[in-house]
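Colleague: The structure that follows is given in the form of C-alpha cells.
The values are calculated or read from the model by the stated rules, or taken from the named source; none is laboratory data. Note that the structure is a prediction, hence the values are computed from the model and not measured. All Cβ positions, even for glycine, are placed from backbone atoms using ideal geometry, and neighbour counts span all protein chains on display.
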Amino acid sequence: MSSVAGLCADEFAPLRAAFTEQVESGAELGASLCVMVDGEPVVDLWGGWADPDKTRRWAPDTLVNTFSITKTMVALCALLLVDRGELDVHQKVSHYWPEFAANGKADIEVRHLLSHTSGVSGWEAPIVLSDIYDTEAAEARLAAQAPWWEPGTASGYHAMNYGHLLGAVIRRITGRPLGVFFAEELAGPLGADFHIGTDADHFDRIATLVPPDLPEFDQSLLPQDSIMFKTLFQPLLDFAEVGSPAWRSAELGGMGGHGNARSIARLQSLISSGGELGGRKFLSDKTIDLIFEPQSDGVDLAIMLPLRFGIGYGLPQAQTAPQVPDGRVCWWAGIGGAFVVNDLDHRVTFAYAMNRMEAGLIGSPRADAYLKATFDTVRGRA
C-alpha cells in the first residue's frame, strides 16, 4: 500500500509520481503538497512520517513550521489593508508608526519593508533568540536603530524581523496583533489551518523538524559588521529551539507560522485567483498589481543570492529559483525547502511543506522536482 494519500487529478499524475518516489525512498520523512487551480484543489497529497522515530504518520491535518512561507501571509495581511484603503505602500512607515522615524529612518516607506529594502534587516547586538518572542519589545528595538544601508537601493533579506516590522504597522492601523488580525481576517474566513502564534491545542498535530546536517562553522570567520552576519547571526536561528512551546506560541511573522500545503495554497490562491475566494472579493486587481512593481534586482546583501523583489513577494529569478516559471508569477520559500508559487497567468498556486529540511536558504532538490512536475503540466495544458 502506498504511503501517499489524498487527491490528485489525472493530469497531475507526474507530480504524484514524483512525490511518491521521494516519500517511499525515504528522501522525504513527511510532507504535504497542494496545487490549486481557480482557488480549487486539484492536488492535495500527504505522506510519510511526522516524527523521525516514525511513530506518527503524516496525517491530513498535520502542521509544520513553514519558516519564511509565513512572510507571504504577512504580505497578504498588508495587501488586505491596502485594499481597504487603510494602508498605502508608498507612505512613510513613520506615518503609521511614529517611533520608527528615529535614527535616520523617517523616509523609509512601507514598500521598503515589504520588499526587504528598508535597510533594517535585523537587530543590533546583543540579542538572543528568546528576545524576539516579546514582539512589542523587539519592535521597539528596531524602531530605535539606524538603517544598515541606504533604504531602497538594494535588498537585504529581512530574515527574522519581517513580521515584527510589518506587524508593528498592522497593529497600529487595526489595534490587533498580527496573529489575531491574520486569523480573524484571512485564515478564519477562508477555513485555512495556518497559524501565526500557534495555540497549545494544536501542538500535538505539529510535525517534528529534522534539520539538515551542516558542517561545523566558525562564526568568527565572518566580518562581524557585515550585513550578512548581523542579519543571520543576531540572533542565530536555533533549530532545537523551534520545537519549543515558546517558539510555537510567539507571533513570529517572519518565520514562525505553522501550517501545511493545503492551508498555504488555500490562502495564497487569493493571489492566483484574482483576489476572490468562496464568493467573497478580498483583493482588487489594482492591489494585486502592486506585487509586480519591481523594487530590487540584484545580489541580496544579507543572503548573497541574486533575487528580484516586488512588493511582498519574490519575482521570477532563474538563477536562484530555476523551477519558478517566468510570467506574472510571484513566489517565496522557507528555509529547508518549503515553497509557494502563485502563477497568475494560469490561476495556479503550488505549495509544499515538509519536516526533513535540506541545507540551503531557498528550495531543495525535492522542491525542484515537484515544481518541475507541476509547471510542466500547467504550461503543457495551456
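Colleague: Within segment 80-98, can one find any residue that is surrounded by fewer than 24 Cβ atoms within 10 Å (Cβ to Cβ), of a type outside the set (Asp, Glu) and under 18 Å from the mean Cα position of the chain (by Cα)?
Modeller: Yes; the residues of segment 80-98 include at least one that is surrounded by fewer than 24 Cβ atoms within 10 Å (Cβ to Cβ), of a type outside the set (Asp, Glu) and under 18 Å from the mean Cα position of the chain (by Cα).
Colleague: How many residues, within segment 105-134, are of a type in the set (Asp, Glu), under 21 Å from residue 92 (Cβ atoms) and surrounded by fewer than 16 Cβ atoms within 10 Å (Cβ to Cβ)?
Modeller: Step one: list which residues in segment 105-134 are of a type in the set (Asp, Glu), which gives 107, 109, 124, 131, 134.
In the following step, the residues that additionally are under 21 Å from residue 92 (Cβ atoms) were identified as 107, 109.
Filter once more, so that each one left must be surrounded by fewer than 16 Cβ atoms within 10 Å (Cβ to Cβ): 107.
Of the residues in segment 105-134, 1 are of a type in the set (Asp, Glu), under 21 Å from residue 92 (Cβ atoms) and surrounded by fewer than 16 Cβ atoms within 10 Å (Cβ to Cβ).
Colleague: Further, regarding this structure: Does residue 200 satisfy the criteria of being over 29 Å from residue 31 (Cβ atoms), surrounded by fewer than 18 Cβ atoms within 10 Å (Cβ to Cβ) and at pLDDT 95 or above?
Modeller: The answer is no for residue 200.
Colleague: Report yes if residue 68 is in contact with a strand residue (DSSP E or B) (Cβ under 9 Å, 6 or more places away or on another chain), modelled with pLDDT of 95 or more and small (Gly, Ala, Ser), otherwise no.
Modeller: Yes.
Colleague: May I ask you to verify whether residue 137 is surrounded by 14 or more Cβ atoms within 10 Å (Cβ to Cβ) and out of contact with any Gly (no Cβ under 6 Å at 6 or more places or on another chain)?
Modeller: no
Colleague: When you check residue 248 against the structure, is it more than 16 Å from the chain's Cα centre (by Cα), surrounded by 19 or more Cβ atoms within 10 Å (Cβ to Cβ), assigned to a helix (DSSP H, G or I) and not aromatic (Phe, Trp, Tyr), yes or no?
Modeller: On the way: more than 16 Å from the chain's Cα centre (by Cα): no; surrounded by 19 or more Cβ atoms within 10 Å (Cβ to Cβ): yes; assigned to a helix (DSSP H, G or I): yes; not aromatic (Phe, Trp, Tyr): yes.
No: the conditions fail for residue 248.
Colleague: So if I check each of 214, 283, which one is part of a loop (DSSP other than H, G, I, E, B) and closer than 28 Å to residue 125 by Cβ?
Modeller: When all the criteria are applied, what remains is 214.
Colleague: If residue 201 meets every condition in (1) touching a residue at least 40 places away in the same chain (Cβ under 8 Å); (2) under 21 Å from residue 263 (Cα atoms) apart from one, which number is that one?
Modeller: Just one mismatch for residue 201, condition (1).
Colleague: Let me ask something else. For segment 65-94, enumerate the residues that are more than 16 Å from residue 286 (Cβ to Cβ) and β-branched (Val, Ile, Thr).
Modeller: If the condition is that a residue be more than 16 Å from residue 286 (Cβ to Cβ) and β-branched (Val, Ile, Thr), then 66, 69, 70, 72, 74, 93 are the ones that fit.
Colleague: Something else: Criterion first (in a loop (DSSP other than H, G, I, E, B), farther than 30 Å from residue 224 by Cβ and touching a helix residue (DSSP H, G or I) at 6+ places or on another chain (Cβ under 6 Å)) does residue 45 satisfy it?
Modeller: Numbers: in a loop (DSSP other than H, G, I, E, B): no; farther than 30 Å from residue 224 by Cβ: yes; touching a helix residue (DSSP H, G or I) at 6+ places or on another chain (Cβ under 6 Å): yes.
So residue 45 fails the test.
Colleague: Let me ask you something else. Could you please find all residues in segment 174-185 being of a type in the set (A, V, I, L, M) and in contact with a helix residue (DSSP H, G or I) (Cβ under 6 Å, 6 or more places away or on another chain)? Reasoning before the result, please.
Modeller: Within segment 174-185, the first condition is being of a type in the set (A, V, I, L, M), and the residues that meet it are 178, 180, 183.
The answer is 178, and nothing else.
Colleague: Among the residues of segment 1-34, write down those that are loosely packed, with under 14 Cβ neighbours inside 10 Å and at pLDDT below 95.
Modeller: Listed by number, the residues that qualify are 1, 2.
Colleague: Within segment 347-362, does at least one residue satisfy the condition of being closer than 30 Å to residue 109 by Cβ, in a loop (DSSP other than H, G, I, E, B), out of contact with any Asp or Glu (no Cβ under 9 Å at 6 or more places or on another chain) and at pLDDT 95 or above?
Modeller: The first filter runs over segment 347-362 and keeps only residues closer than 30 Å to residue 109 by Cβ, leaving 349, 351, 361-362.
Among the residues that remain, those that are also in a loop (DSSP other than H, G, I, E, B) are: 361-362.
The next check asks that each one be out of contact with any Asp or Glu (no Cβ under 9 Å at 6 or more places or on another chain); those that pass are 361-362.
Narrowing the set further to residues that are at pLDDT 95 or above leaves 362.
Yes, some residue in segment 347-362 is closer than 30 Å to residue 109 by Cβ, in a loop (DSSP other than H, G, I, E, B), out of contact with any Asp or Glu (no Cβ under 9 Å at 6 or more places or on another chain) and at pLDDT 95 or above.
Colleague: Run down 31, 27, 5, 78 and say which single residue is part of a loop (DSSP other than H, G, I, E, B) and farther than 19 Å from residue 377 by Cα.
Modeller: Details: 31 fails: part of a loop (DSSP other than H, G, I, E, B); 5 fails: part of a loop (DSSP other than H, G, I, E, B); 78 fails: part of a loop (DSSP other than H, G, I, E, B).
27 is the lone residue from the list that is part of a loop (DSSP other than H, G, I, E, B) and farther than 19 Å from residue 377 by Cα.
Colleague: Shifting gears a bit: Any idea which of 94, 68, 155 is under 25 Å from residue 249 (Cβ atoms) and not acidic (Asp, Glu)?
Modeller: Result of the check over 94, 68, 155: 68.
Conditions (1) touching a residue at least 60 places away in the same chain (Cβ under 8 Å); (2) surrounded by 17 or more Cβ atoms within 10 Å (Cβ to Cβ); (3) over 29 Å from residue 203 (Cα atoms), marked per residue:
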position: 230; (1), (2), (3): yes, yes, yes
position: 236; (1), (2), (3): yes, no, no
position: 240; (1), (2), (3): no, no, no
position: 260; (1), (2), (3): yes, yes, no
position: 263; (1), (2), (3): yes, yes, no
position: 266; (1), (2), (3): yes, yes, no
